[in-house]
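Asks: Would you mind keeping the following structure in view while I ask a few things?
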Amino acid sequence: MLLLLLLAAGAGAGAGRSSPPAPAQGASRLPARAPPSVFAVGSRELVAALGPLRPKVGSWAEYLVRSSGEEDLRVRLSVLPPALDRGRAWLEVSTLGAQALPFAARLLLRGAGGLERAIVYALGQAPIEVPLAELQPAPAEPKRDPGAVRTTSAGSAKVTVPAGTFQAEELHVLSGGETTRVWRAAQVPLWGLVRAEGPRQVVELTGLGERGARSVFPADQGNGSESAR
(Lines give C-alpha, C1' and ligand atoms only; values in the text may rest on other atoms or scores of the structure.)
Protein backbone atom coordinates (compact mmCIF):
# COMPACT_ATOMS: atom_id res chain seq x y z
CA MET A 1 0.00 0.00 0.00
CA LEU A 2 2.88 2.40 0.61
CA LEU A 3 3.68 2.19 -3.09
CA LEU A 4 0.44 4.08 -3.77
CA LEU A 5 1.79 6.95 -1.72
CA LEU A 6 4.99 6.96 -3.70
CA LEU A 7 3.12 7.25 -6.96
CA ALA A 8 0.75 9.96 -5.79
CA ALA A 9 3.02 12.04 -3.59
CA GLY A 10 5.75 12.05 -6.19
CA ALA A 11 3.49 12.11 -9.25
CA GLY A 12 6.23 10.01 -10.82
CA ALA A 13 9.88 9.75 -9.83
CA GLY A 14 11.94 12.75 -10.78
CA ALA A 15 9.01 15.12 -11.25
CA GLY A 16 10.16 18.70 -11.21
CA ARG A 17 13.56 17.94 -12.69
CA SER A 18 12.17 17.52 -16.19
CA SER A 19 8.98 18.42 -17.96
CA PRO A 20 6.17 15.85 -17.63
CA PRO A 21 5.04 14.14 -20.83
CA ALA A 22 2.15 15.72 -22.65
CA PRO A 23 -1.16 14.09 -21.68
CA ALA A 24 -3.32 12.31 -24.18
CA GLN A 25 -6.03 14.41 -25.77
CA GLY A 26 -8.76 15.09 -23.20
CA ALA A 27 -6.69 13.85 -20.28
CA SER A 28 -5.89 15.95 -17.22
CA ARG A 29 -2.35 17.20 -16.78
CA LEU A 30 -0.60 16.52 -13.51
CA PRO A 31 0.39 19.63 -11.56
CA ALA A 32 3.83 20.92 -12.52
CA ARG A 33 6.84 20.66 -10.21
CA ALA A 34 5.54 17.94 -7.95
CA PRO A 35 8.15 16.94 -5.35
CA PRO A 36 10.30 13.83 -5.75
CA SER A 37 8.72 10.55 -4.73
CA VAL A 38 8.27 10.29 -0.99
CA PHE A 39 10.05 7.32 0.61
CA ALA A 40 11.31 6.39 -2.87
CA VAL A 41 14.60 5.09 -1.52
CA GLY A 42 13.93 1.89 0.34
CA SER A 43 10.22 1.86 -0.57
CA ARG A 44 10.28 -1.86 -1.31
CA GLU A 45 11.83 -2.45 2.08
CA LEU A 46 9.31 -0.28 3.88
CA VAL A 47 6.39 -2.01 2.17
CA ALA A 48 7.76 -5.36 3.32
CA ALA A 49 8.39 -4.23 6.89
CA LEU A 50 5.35 -2.11 7.74
CA GLY A 51 2.47 -4.22 6.47
CA PRO A 52 -1.09 -2.97 5.92
CA LEU A 53 -2.46 0.48 6.70
CA ARG A 54 -4.63 1.00 9.79
CA PRO A 55 -7.14 3.51 8.38
CA LYS A 56 -8.66 4.99 11.55
CA VAL A 57 -10.67 8.05 10.54
CA GLY A 58 -9.17 11.25 11.94
CA SER A 59 -5.70 9.82 12.56
CA TRP A 60 -2.57 11.40 11.14
CA ALA A 61 1.20 11.16 11.22
CA GLU A 62 3.84 13.62 10.06
CA TYR A 63 7.41 12.84 9.00
CA LEU A 64 10.65 14.55 8.08
CA VAL A 65 12.26 12.86 5.08
CA ARG A 66 15.96 13.50 4.49
CA SER A 67 17.31 12.10 1.22
CA SER A 68 20.82 12.21 -0.15
CA GLY A 69 21.07 14.83 -2.89
CA GLU A 70 17.51 16.13 -2.34
CA GLU A 71 15.98 18.84 -0.20
CA ASP A 72 14.36 17.78 3.06
CA LEU A 73 10.62 17.18 2.87
CA ARG A 74 7.90 17.27 5.50
CA VAL A 75 5.23 14.71 4.76
CA ARG A 76 1.83 14.53 6.48
CA LEU A 77 -0.42 11.49 6.11
CA SER A 78 -4.07 11.91 7.16
CA VAL A 79 -7.10 9.63 7.17
CA LEU A 80 -9.94 12.02 6.43
CA PRO A 81 -13.58 11.82 7.53
CA PRO A 82 -16.17 10.58 6.96
CA ALA A 83 -15.95 6.86 7.63
CA LEU A 84 -16.82 4.93 4.47
CA ASP A 85 -18.38 1.54 3.90
CA ARG A 86 -16.58 -1.70 3.02
CA GLY A 87 -13.40 -0.61 4.79
CA ARG A 88 -12.58 2.13 2.30
CA ALA A 89 -10.85 5.34 3.40
CA TRP A 90 -9.73 8.71 2.07
CA LEU A 91 -5.98 9.04 2.68
CA GLU A 92 -4.35 12.42 2.04
CA VAL A 93 -0.61 12.86 1.57
CA SER A 94 0.77 16.40 1.69
CA THR A 95 4.39 17.44 1.23
CA LEU A 96 6.29 20.64 1.91
CA GLY A 97 9.90 21.44 1.12
CA ALA A 98 12.00 24.58 1.39
CA GLN A 99 11.97 25.07 -2.38
CA ALA A 100 9.24 22.86 -3.86
CA LEU A 101 5.67 24.11 -3.93
CA PRO A 102 3.30 22.52 -1.39
CA PHE A 103 1.76 19.46 -2.99
CA ALA A 104 -0.97 17.03 -1.91
CA ALA A 105 -2.61 13.88 -3.16
CA ARG A 106 -5.90 12.45 -1.95
CA LEU A 107 -6.41 8.72 -2.45
CA LEU A 108 -9.57 6.68 -2.06
CA LEU A 109 -8.26 3.32 -0.88
CA ARG A 110 -10.10 0.03 -0.91
CA GLY A 111 -10.23 -1.98 2.29
CA ALA A 112 -8.44 -4.98 0.84
CA GLY A 113 -5.82 -2.85 -0.91
CA GLY A 114 -5.89 -0.98 -4.16
CA LEU A 115 -6.85 2.45 -5.33
CA GLU A 116 -10.27 3.68 -6.49
CA ARG A 117 -9.60 7.38 -7.05
CA ALA A 118 -6.71 9.84 -6.96
CA ILE A 119 -6.96 13.63 -6.75
CA VAL A 120 -3.88 15.86 -6.76
CA TYR A 121 -3.39 19.48 -5.76
CA ALA A 122 -0.49 21.91 -6.05
CA LEU A 123 -0.55 25.41 -4.60
CA GLY A 124 -1.90 27.87 -7.15
CA GLN A 125 -3.55 25.18 -9.27
CA ALA A 126 -7.01 23.68 -9.12
CA PRO A 127 -7.26 20.12 -7.76
CA ILE A 128 -7.62 17.58 -10.55
CA GLU A 129 -8.69 13.96 -10.59
CA VAL A 130 -6.05 11.77 -12.17
CA PRO A 131 -7.03 8.75 -14.29
CA LEU A 132 -5.61 5.73 -12.51
CA ALA A 133 -3.82 4.65 -15.69
CA GLU A 134 -1.63 7.77 -15.42
CA LEU A 135 -0.31 6.59 -12.05
CA GLN A 136 1.21 3.46 -13.51
CA PRO A 137 5.01 3.65 -13.37
CA ALA A 138 6.91 3.86 -16.64
CA PRO A 139 8.51 0.60 -17.79
CA ALA A 140 11.88 0.28 -16.09
CA GLU A 141 15.12 -0.70 -17.75
CA PRO A 142 15.89 -4.39 -17.29
CA LYS A 143 17.91 -4.91 -14.11
CA ARG A 144 19.46 -7.80 -12.32
CA ASP A 145 16.92 -9.41 -10.02
CA PRO A 146 17.83 -8.15 -6.53
CA GLY A 147 16.26 -11.18 -4.94
CA ALA A 148 13.61 -11.48 -2.28
CA VAL A 149 13.23 -8.93 0.49
CA ARG A 150 14.20 -10.51 3.82
CA THR A 151 13.02 -9.01 7.10
CA THR A 152 14.43 -9.99 10.50
CA SER A 153 13.57 -8.72 13.96
CA ALA A 154 16.31 -7.07 16.01
CA GLY A 155 14.25 -6.89 19.18
CA SER A 156 12.80 -3.88 20.95
CA ALA A 157 14.48 -0.58 21.75
CA LYS A 158 13.70 2.97 22.84
CA VAL A 159 13.87 5.32 19.87
CA THR A 160 13.85 9.11 20.17
CA VAL A 161 12.58 11.16 17.24
CA PRO A 162 11.19 14.72 17.08
CA ALA A 163 7.73 13.41 18.04
CA GLY A 164 9.04 11.87 21.28
CA THR A 165 10.50 8.65 22.63
CA PHE A 166 8.88 5.33 21.71
CA GLN A 167 9.41 1.72 22.71
CA ALA A 168 9.65 0.34 19.21
CA GLU A 169 10.23 -2.92 17.42
CA GLU A 170 13.39 -2.78 15.30
CA LEU A 171 13.42 -4.56 11.96
CA HIS A 172 16.31 -5.10 9.58
CA VAL A 173 15.23 -5.41 5.96
CA LEU A 174 17.75 -6.77 3.47
CA SER A 175 17.23 -6.25 -0.24
CA GLY A 176 19.73 -6.15 -3.08
CA GLY A 177 22.65 -6.35 -0.69
CA GLU A 178 21.53 -3.24 1.23
CA THR A 179 19.94 -3.05 4.67
CA THR A 180 17.19 -0.69 5.79
CA ARG A 181 16.53 -0.37 9.51
CA VAL A 182 12.90 0.27 10.46
CA TRP A 183 11.44 1.06 13.88
CA ARG A 184 7.69 0.75 14.41
CA ALA A 185 5.37 1.13 17.39
CA ALA A 186 1.73 0.14 17.78
CA GLN A 187 0.71 3.54 19.20
CA VAL A 188 1.76 5.36 16.03
CA PRO A 189 -1.17 5.74 13.59
CA LEU A 190 -1.38 4.44 10.03
CA TRP A 191 1.60 2.09 9.60
CA GLY A 192 3.23 2.46 13.00
CA LEU A 193 6.38 3.92 11.45
CA VAL A 194 8.60 5.74 13.94
CA ARG A 195 11.88 5.88 12.02
CA ALA A 196 13.43 4.33 8.93
CA GLU A 197 17.09 4.53 7.98
CA GLY A 198 18.35 3.31 4.62
CA PRO A 199 21.56 3.81 2.65
CA ARG A 200 20.34 7.09 1.14
CA GLN A 201 17.33 8.19 3.16
CA VAL A 202 16.20 8.78 6.75
CA VAL A 203 12.53 9.14 7.76
CA GLU A 204 11.60 10.37 11.26
CA LEU A 205 8.24 10.88 12.93
CA THR A 206 7.66 14.53 13.89
CA GLY A 207 4.01 14.46 14.99
CA LEU A 208 0.98 12.19 15.34
CA GLY A 209 -2.60 12.08 16.49
CA GLU A 210 -5.57 9.71 16.72
CA ARG A 211 -7.96 12.53 15.80
CA GLY A 212 -7.89 15.93 14.19
CA ALA A 213 -6.82 14.97 10.67
CA ARG A 214 -7.39 17.88 8.34
CA SER A 215 -7.14 18.51 4.63
CA VAL A 216 -4.96 21.04 2.81
CA PHE A 217 -7.25 20.97 -0.23
CA PRO A 218 -9.48 24.00 -0.91
CA ALA A 219 -12.71 23.59 1.04
CA ASP A 220 -14.91 23.47 -2.05
CA GLN A 221 -12.80 21.17 -4.22
CA GLY A 222 -11.51 17.63 -3.90
CA ASN A 223 -13.39 17.20 -0.65
CA GLY A 224 -12.76 13.86 1.01
CA SER A 225 -16.36 13.87 2.26
CA GLU A 226 -17.70 13.52 -1.26
CA SER A 227 -19.30 10.20 -2.05
CA ALA A 228 -17.16 7.76 -3.97
CA ARG A 229 -18.32 7.07 -7.46
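The values are calculated or read from the model by the stated rules, or taken from the named source; none is laboratory data. Computed from a predicted model, the values in this text were never measured in an experiment. Positions of Cβ are backbone-derived with ideal geometry, glycine not excepted, and every protein chain shown enters the neighbour counts. Please note that ligands, DNA and RNA were not included when accessible areas were found on the heavy atoms of the full protein model with its side chains. Shrake-Rupley method; radii C 1.70, N 1.55, O 1.52, S 1.80 Å.
Asks: Suppose the chain between T206 and Q125 were pulled fully straight at 0.36 nm per residue; how much longer would it get relative to their current alpha carbon spacing?
Replies: Details: separation 81, 0.36 × 81 = 29.16 nm, distance 2.78 nm.
Difference between extended and current length: 26.4 nm.
Asks: Let me ask another. R214 to Q187: extension gain in nm, 0.36 nm per residue of separation minus the Cα-Cα distance?
Replies: Numbers: separation 27, 0.36 × 27 = 9.72 nm, distance 1.97 nm.
Taking 0.36 nm per residue and subtracting the Cα distance, the gain is 7.7 nm.
Asks: To the nearest 10 Å², what's E178's accessible area with a 1.4 Å probe?
Replies: E178 has an accessible surface of roughly 70 Å² with all protein chains in place.
Asks: May I ask you to rank R150, R66, R110 by accessible area, largest first, using a 1.4 Å probe over the protein chains only? Don't skip to the end; give the middle numbers.
Replies: Numbers: R150 135, R66 85, R110 105 Å².
Solvent-accessible surface, decreasing: R150, R110, R66.
Asks: Just going by the charge dipole of the stretch 60-110, with Lys and Arg at +1 and Asp and Glu at -1 on Cβ, which of L80, S94, A104 is farthest out on the positive end?
Replies: L80
Asks: So how far apart, in nm, are the two label points at A98 and S68 if each is 7 Å from Cα heading toward Cβ?
Replies: 2.0 nm
Asks: With labels modelled as points extended 7 Å from the Cα through the Cβ direction, what inter-label distance (nm, one decimal) is found for T151 paired with R110?
Replies: 2.2 nm
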